[in-house]
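Only one structure is covered here, and it is reproduced in the block below.
The values are calculated or read from the model by the stated rules, or taken from the named source; none is laboratory data. Only a predicted model underlies this, so the values are computations on that prediction, with no experimental measurement involved. Accessible surface is based on the protein model in full, side chains and every heavy atom, while ligands, DNA and RNA are left aside. Shrake-Rupley method; radii C 1.70, N 1.55, O 1.52, S 1.80 Å.
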Amino acid sequence: MRIKTHIHAIVVCTAFLWQIMPCWAHASPSTAQAAPTDITPRGYTIQEIKVTGNRSLALEAVIAISGLQVGDTIQLPGLATQKAIQRLWKQGLIQDASIYITPTQGESAILTIAITEIPRLVKYTFKNITKKERKALLEQVPLEKGQAVSSQLIKRLRKALIKQLSQGGYRNATVSVTSTRDPEQANGIHLTIEVKKGKKCLIHAIHIHGNHSIDSDTLKAKMRHT
């Protein structure tokens, strides 16, 4: 028998998997089928907790964050595994987590926490922007060695840079952020932020119509910083 609890990206979802055939205790997650909704909860005592997929996170740290302990009795289906995954997710260090239960003798079971960590920043490189532009960007979106590089961080980086370039007159600028694995550090990545500014948009003339009580020069003066 096998039971699985799963979470992806921002949407938290839980699926419990149940199969009577013993060989399914070692099946791939992609081969499992969703359990019927009328399964009666069953109690298991955790005999052992294993962790897979951890690169920079210590096994003990993952188990501690989950809140699960050897000797605990949990109900499956139940809330214990859901809450464990939610605790892991709230740390902001993983992008995927699954919990598998493999029943052993009697009411005991081995619990396996399978995680996919968010990669950590080792180095970043900018292309085609000035030192001043880079400094202004890093004040808005700091990049530091060792920080988790989530998809949200990359979106913030692109959005902030495009806005900054647009305010500088580059309204057709594009920004691409690519990542490559670090050959020496587990779960480490290099970011390359490349900019294509395009042509700068300049205002050559301002024509004002419909002003009767305020002259055009006064209105233009008020628009100086727009």
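Protein heavy-atom accessible surface, 1.4 Å probe, per residue over segment 136-198: 59 Å².
So how much accessible area does R120 have, in Å² to the nearest 10, using a 1.4 Å probe? It works out to around 60 Å².
Beyond 30 Å between alpha-carbons counts as too far, so tell me which of K123/K196; K50/K159; K50/K155 fall in that bin. Distance filter (> 30 Å) returns K50/K159; K50/K155. Sorted largest first by accessible area at a 1.4 angstrom probe radius, with every protein chain in place, the residues E139, E194 fall in the order E139, E194. Here segment 70-226 exposes an accessible surface that is 50 percent carbon and sulfur, computed with a 1.4 Å probe and the other protein chains kept in place. For H207, the solvent-accessible surface with a 1.4 Å probe is about 150 Å², rounded to the nearest 10.
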